[in-house]
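Q: One structure is given below, represented as structure tokens, and several questions about it will come after.
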Amino acid sequence: MEIGTMIKALQDPMGIPFYPVLFQVLMVLTFALHIMFVNFVLGTSFLSVYGYIKGDDYWKRLSKSMIRATTANISMAILLGVAPLLFVQVVYDPFWYASNMISGAWVMAFILIMMLGYSMVYVFYLKRDSRGGGFAAFGIGALALFILAGIIMHVLGYQLLQPEKWFGWYISGNSIDTSGTALHTFHIPRFLHFMIPSFALTGVFLMLYAWYFKDRADSDKEYLQWVARMGAKMAFVFTAIQAGVGFWWLFSLPLEFKFFVNPFFLVGAGLGVSLLFFLNNAQKDPFKYAVPAVIGAFLTVFGMSYTREALRMTYLRRFDYSIFDYKLNIDLGSTALFLSTFVMGLIIAGYMLTIAYKSGKTTGEYVPSPSIDKWGKISIALLLAWIVVVVSLGVVTSVRNYL
């Protein structure tokens, strides 16, 4: 069977409930947010271990702050990772599920790896100040597990792009490998392009950390200056390295793609170069540039994420596949429920982040203002209403199908 025909046969026969461009835009947006927090996890966990081992006063303080940040960053990375994963399953389902089945054991192991890594982070966080050494091993172990999880996701995403090799990976001679224990392909520049930003973005994170605490009455100005300068330097150096890795990846692509003239690549590369010049200027006054640096970093990651999506479409165009040709089966009800859930999630997440931001700025006990308190009550009401609506729909649908 021709590969393109096979792929179309693997698509959901019911089609998708709304125009695919909506899912694509939201997929790229949520992936950009997700990968930023993934990078924060890797960067802050590395700094927490490095600072713990280094052992001087400033590094110890930074280590303690970074391991606390790691716990929050993991939660946000997982939360924000659900949406792009679902969107990929909607518009790239034949590729995603085939890649997952070929390496199914690793897909299942990914969950256990993340659970174990998360647990080791908490052991390191809670026991790091206990008597006796050895707790750095938990931090190092967690970091190693997170990198392994990144390798798994990299391979699954890269296998997705190569359906012409699936049969060769699945069938060897007269035998069929159903174990799912193999990771079949690995692309070093592509993998590094996702890993190197961990240090660049964590540098921006340190700039923001120093800016955030500088106005507190109990802050140590010299310590925060040290953090801000180090963060600005990290952000600039590793963004420069990232640019080099990005061009390495570009030149490793098949020549017939001509991706160097793709408009999405040109925009993404332009954003990256602009960020590099901006971070160079930030060395003068990291506090002043902290907030704009975060905004610039997100815009760059978003641009690069759309570049990645354009590259994926270029890969799959070889097999006459386009998400815009997916069968449409417009379902306004499910689409409205999905979008309202998405908006509700933003409202609730916004409330939680606002509380975290305000409370950290306060030296003593934080008392929310009437408007923020009202925001919290609205968030709880929305969540309860959502539960009622979803449960009611489930019951009604089940009864209808039964009758």
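The values are calculated or read from the model by the stated rules, or taken from the named source; none is laboratory data. Quick caveat, the model's predicted, so the values are computed rather than measured. With ideal geometry, Cβ positions are generated from the backbone for all residues, glycine too; neighbour counts draw on all protein chains shown.
Q: Going by the conditions given, is residue 224 within 20 Å of residue 39 (Cα to Cα) and either hydroxyl-bearing (Ser, Thr, Tyr) or touching a helix residue (DSSP H, G or I) at 6+ places or on another chain (Cβ under 9 Å) (or both)?
A: Details: within 20 Å of residue 39 (Cα to Cα): no; either hydroxyl-bearing (Ser, Thr, Tyr) or touching a helix residue (DSSP H, G or I) at 6+ places or on another chain (Cβ under 9 Å) (or both): yes.
Against the criterion (within 20 Å of residue 39 (Cα to Cα) and either hydroxyl-bearing (Ser, Thr, Tyr) or touching a helix residue (DSSP H, G or I) at 6+ places or on another chain (Cβ under 9 Å) (or both)), residue 224 does not qualify.
Q: Applying the selection to the stretch 298-324, what residues are in contact with a Phe, Trp or Tyr (Cβ under 9 Å, 6 or more places away or on another chain) and of a type in the set (Gly, Ala, Ser)?
A: Passing the criteria: 303, 305, 310.
Q: Looking at 243, 235, which one is out of contact with any Ser or Thr (no Cβ under 9 Å at 6 or more places or on another chain) and within 22 Å of residue 205 (Cα to Cα)?
A: Numbers: 235 fails: out of contact with any Ser or Thr (no Cβ under 9 Å at 6 or more places or on another chain).
None of the other options fit; the residue is 243.
Q: Let me ask something else. Looking at (1) under 19 Å from the mean Cα position of the chain (by Cα); (2) surrounded by 19 or more Cβ atoms within 10 Å (Cβ to Cβ), find the lone condition where residue 152 falls short.
A: Checking residue 152 against (1) under 19 Å from the mean Cα position of the chain (by Cα); (2) surrounded by 19 or more Cβ atoms within 10 Å (Cβ to Cβ), the one that fails is (2).
Q: Among the residues of the stretch 357-376, count how many are in a helix (DSSP H, G or I) and either closer than 15 Å to residue 216 by Cα or in contact (Cβ under 8 Å) with a residue 40 or more places away in the chain (or both).
A: Selection size over the stretch 357-376: 5.
Q: Would you confirm whether or not the stretch 276-296 contains a residue that is within 27 Å of residue 188 (Cα to Cα), out of contact with any helix residue (DSSP H, G or I) (no Cβ under 8 Å at 6 or more places or on another chain) and part of a helix (DSSP H, G or I)?
A: yes
Q: Still on this structure, I have one more. Pull out all pairs, ordered by first then second residue, where Cβ-Cβ is under 7 Å, the residues are six or more apart or on different chains, the first lies in the stretch 117-130 and is free of Cβ contacts under 8 Å to residues at least 40 places away in the same chain, and the second is surrounded by 13 or more Cβ atoms within 10 Å (Cβ to Cβ) and outside any helix (DSSP H, G or I).
A: Listed pairs, sorted by first residue: 127/135.
Q: From the list 227, 237, which residue is touching a residue at least 40 places away in the same chain (Cβ under 8 Å) and either in the same structural domain as residue 67 (by TED's automatic domain parsing) or surrounded by fewer than 19 Cβ atoms within 10 Å (Cβ to Cβ) (or both)?
A: Only one candidate qualifies: 227.
Q: Further question: How many residues, within the stretch 241-250, are under 13 Å from residue 311 (Cα atoms) and either in contact with a Phe, Trp or Tyr (Cβ under 6 Å, 6 or more places away or on another chain) or without any contact (Cβ under 8 Å) to a residue 40 or more places away in the chain (or both)?
A: Of the residues in that region, 1 qualify.
Q: Another question, then. Scan the stretch 91-106 and tell me whether some residue there is over 30 Å from residue 342 (Cα atoms), crowded, with 20+ Cβ neighbours inside 10 Å, in the same structural domain as residue 20 (by TED's automatic domain parsing) and among the hydroxyl-bearing types (Ser, Thr, Tyr). Quick ask: steps written out before the conclusion?
A: Applying the first criterion (over 30 Å from residue 342 (Cα atoms)) to the stretch 91-106 yields 102-103, 105.
From what is left, the residues that are crowded, with 20+ Cβ neighbours inside 10 Å are 102-103.
Filter once more, keeping what is in the same structural domain as residue 20 (by TED's automatic domain parsing): 102-103.
Next, from what is left, pick out any that are among the hydroxyl-bearing types (Ser, Thr, Tyr): 103.
Within the stretch 91-106, one or more residues are over 30 Å from residue 342 (Cα atoms), crowded, with 20+ Cβ neighbours inside 10 Å, in the same structural domain as residue 20 (by TED's automatic domain parsing) and among the hydroxyl-bearing types (Ser, Thr, Tyr).
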